[in-house]
Amino acid sequence: MTQQGAALQGYNNELVKCIEDLSLQKEELNKQIQQAEEEKSKLQHQIQVLNEQLERVCEDLAQKVASRNELDKILAETEAAYMKILDSSRTLLSVLKKEVGSLKSMPEMKSH
């Protein structure tokens with residue numbers, strides 16, 4: 001019976017050691033879980049900050065693109081108007097040259 005008691009005591013000692021080892025593993029795992037949760041929280045915060053920055057940049061970009069499109073429209077209209085002015089000036093110059101030429105051919109405008 002003593003031999004069985006000693007064996008039972010040995011099993012009990014091993015069982016207690018296994019339970020202690022499992023408890024230590026659990027504590028270590030709990031620390032790792034806590035660190036992972038903190039890292040997750042930190043990353044989620046960074047994502048939120050980056051999303052807010054991205055939203056601001058997108059809004060700013062949209063405003064700048066709209067401004068550029070408006071400037072493109074104004075520039076195109078201005079260039080078209082300028083081309084009309086150039087065409088009108090060319091036409092006016094041509095008409096003026098014809099008139100001056102006609103005047104020079106009139107007898108009263110000829111020099112004596």
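The values are calculated or read from the model by the stated rules, or taken from the named source; none is laboratory data. Every value quoted in this text rests on a predicted model; they were computed, and no experiment measured them. Note that each Cβ is placed from the backbone with ideal geometry, even for glycine, and that neighbours are counted across all protein chains shown. These area figures cover heavy atoms from the full protein model, side chains too; ligands, DNA and RNA do not enter into them. Shrake-Rupley method; radii C 1.70, N 1.55, O 1.52, S 1.80 Å.
Can you report the number of residues in segment 70-112 which are surrounded by 10 or more Cβ atoms within 10 Å (Cβ to Cβ) and either of a type in the set (S, T, N, Q) or not in a helix (DSSP H, G or I) (or both)?
Count: 6.
Condition check ((1) open to solvent by 100 Å² or more (accessible area, probe 1.4 Å); (2) among the charged types (D, E, K, R)) across all residues:
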position	(1), (2)
ALA7	no, no
ASN13	no, no
ILE19	no, no
LEU24	yes, no
LEU29	no, no
GLN35	yes, no
GLN53	no, no
ASP60	no, yes
GLN63	yes, no
